[in-house]
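A short write-up of the structure that comes next.
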Amino acid sequence: MCFARFPWLQTGEDRSLPLSFSRFVPTPENRSALQAMRDLAAGVCAGRWQRVTNPLFIHGPAGTGKSHLVNAIIEEVTRQAPQVVVSVLQGCDLVRWTSEPADSGSGPGDDVAAMEACDLLFIEDLQHLRGRGGQPANLETLVQAFDDRLARQRPMVFTANVGPGCLVNLSPRLVSRLSCGLVVGLELLQAPSRLALLQEKAQRRQLAVSRDVLAWLADRLPGGVRALEGALLQLETLSRMQAEPLDVEAVASHFQHLAEATRPSMERIAERVGSYFRLDPRQLQSDRRHRSVLLPRQVGMYLARRLTKLSLAEIGAYFGGRDHSTVLHACHKIEGTIERDALLGGTVRQLHAELA
């Protein structure tokens with residue numbers, strides 16, 4: 001927990017500068033969330049509490065810009081309206097609310113005081129909140145604080161890697177409150193947006209590199225912003241080591257093993273899917289066709305096709321010796337289901353983001 005001003009999380013090209021709105025690269029995948037945060041900052045700075053969206057829920061996989069946007073709005077508010085008190089809590093901070101026995105003397109006291117005293121409240125990474133014994137976290141104290149802040153027109157911003165409806169670790173009462181405001185999603189950057197981000201950040205770093213080189217990286221290093229920024233740092237180092245300007249061949253020889261290393265193994269995919277659905281990974285390779293195993297197995301096949309270079313036959317062979325047509329059917333089924341089923345869609349996106 002912290003108030004008003006705090007050490008900025010830095011991942012960008014100049015660590016002496018805060019993560020501001022001006023340094024956030026807008027793309028089709030993040031533009032709605034960026035506008036929502038800008039509108040909130042403008043309303044808070046102007047003191048128009050009654051016109052501010054409340055609550056605001058921002059969700060998306062790791063590396064899509066949630067933390068940057070949180071830092072940006074805090075930077076904007078503390079610079080333009082220093083009288084506004086800001087409090088930031090992490091989902092992991094609130095775990096003890098449900099993990100400690102009621103009579104232990106340990107509770108949410110300081111956190112509740114922070115929520116009551118501040119003008120603008122952020123709670124990040126709600127996916128880390130879980131109740132005792134694997135049950136949904138009730139967090140009645142948070143529900144009451146939520147209702148109190150709503151009545152006083154004091155804005156709240158929440159972040160998670162999935163939307164509120166997919167946070168099965170939270171109680172229905174809490175989920176309903178998180179869903180009652182504006183919910184905006186951030187998606188993983190597609191290749192054109194990854195290229196635009198690389199070009200923008202290379203220009204800020206004054207890194208002379210051709211568009212072809214950046215396009216090669218954008219096509220082969222899918223994932224979040226952090227991976228792309230790491231690639232730029234390596235490009236910078238490579239450019240110092242070579243007298244000639246970097247070309248695609250030179251960059252490819254350096255990055256090819258990294259691109260391959262970022263691809264998860266079948267074992268890792270099976271372990272993560274099994275863990276999420278509370279199954280032994282070996283069950284995904286068994287002959288069982290019960291829904292409790294069939295659906296996770298199909299999710300595993302879908303993720304393997306998206307995240308590896310293996311053929312359909314190779315994926316099928318891993319999942320119990322099934323043929324390529326079975327894998328293709330599973331992929332088509334998951335693709336169709338996630339368009340209709342928000343909960344499964346959120347689960348698949350979360351697993352994809354963790355494995356990518």
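The values are calculated or read from the model by the stated rules, or taken from the named source; none is laboratory data. Just so it is clear, the model here is predicted, and its values are computed rather than measured. A quick note on method: Cβ atoms are made from the backbone with ideal geometry, for glycine too, and the neighbour counts reach across all protein chains shown.
Looking only at residues in segment 331-356 that are among the charged types (D, E, K, R) and free of Cβ contacts under 8 Å to residues at least 24 places away in the same chain, which one is surrounded by the fewest Cβ atoms within 10 Å (Cβ to Cβ)? Selected residue: Arg340.
Listed conditions (1) under 26 Å from the mean Cα position of the chain (by Cα); (2) under 30 Å from Val225 (Cα atoms); (3) assigned to a helix (DSSP H, G or I) are all met by Lys309, apart from (3). There is no residue in segment 235-258 that is surrounded by fewer than 16 Cβ atoms within 10 Å (Cβ to Cβ), outside the structural domain of Thr347 (by TED's automatic domain parsing) and in contact (Cβ under 8 Å) with a residue 40 or more places away in the chain. Looking at this structure, is Ile338 at pLDDT below 90 and within 29 Å of the chain's Cα centre (by Cα)? So Ile338 passes the test. Take the conditions (1) assigned to a helix (DSSP H, G or I); (2) of a type in the set (A, V, I, L, M, F, W, C); (3) at pLDDT 90 or above; Trp97 misses just one of them, which is (3). Looking at Ala231, Ala304, Ala270, just one residue is more than 16 Å from Ala330 (Cβ to Cβ) and surrounded by 14 or more Cβ atoms within 10 Å (Cβ to Cβ), and that residue is Ala231.
Reported count of residues in segment 19-66, each being under 19 Å from the mean Cα position of the chain (by Cα) and aliphatic (A, V, I, L, M), is 9.
Scanning segment 312-333 for residues that are touching a Ser or Thr at 6+ places or on another chain (Cβ under 7 Å) and in a loop (DSSP other than H, G, I, E, B) returns a single hit, Gly320. In this structure, is Val183 closer than 30 Å to Val95 by Cα and either in the same structural domain as Thr347 (by TED's automatic domain parsing) or of a type in the set (A, V, I, L, M) (or both)? Here the answer is yes, as Val183 does meet what is asked. The set of residues in segment 211-231 that are without any contact (Cβ under 8 Å) to a residue 60 or more places away in the chain and not small (Gly, Ala, Ser) comprises Arg211, Asp212, Val213, Leu214, Trp216, Leu217, Asp219, Arg220, Leu221, Leu228. Answer yes if at least one residue in segment 282-289 is farther than 22 Å from Val225 by Cα and of a type in the set (A, V, I, L, M, F, W, C), and no otherwise. Checked segment 282-289: at least one residue is farther than 22 Å from Val225 by Cα and of a type in the set (A, V, I, L, M, F, W, C). Does Arg31 count as out of contact with any Leu (no Cβ under 9 Å at 6 or more places or on another chain) and at pLDDT 50 or above? Here the answer is yes, as Arg31 does meet what is asked. Checking segment 280-301 against the condition returns a match, with at least one residue being under 21 Å from the mean Cα position of the chain (by Cα), assigned by TED's automatic domain parsing to the domain that holds Ser325 and assigned to a helix (DSSP H, G or I). Can we say Leu344 is within 20 Å of Gly60 (Cα to Cα), assigned to a helix (DSSP H, G or I) and not basic (Lys, Arg)? Answer is yes for this residue.
Listed here are the residues, each with its yes/no results for (1) touching a helix residue (DSSP H, G or I) at 6+ places or on another chain (Cβ under 9 Å); (2) farther than 30 Å from Arg51 by Cα; (3) at pLDDT below 85.
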| site | (1), (2), (3) |
| --- | --- |
| Ala160 | yes, no, no |
| Gly185 | yes, no, no |
| Gln199 | yes, yes, no |
| Arg205 | yes, yes, no |
| Val209 | yes, yes, no |
| Leu246 | yes, yes, yes |
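Residues in segment 214-228 that are modelled with pLDDT under 90 and among the hydrophobic types (A, V, I, L, M, F, W, C) were compared, and the one that is farthest from Glu249 (Cα to Cα) is Val225.
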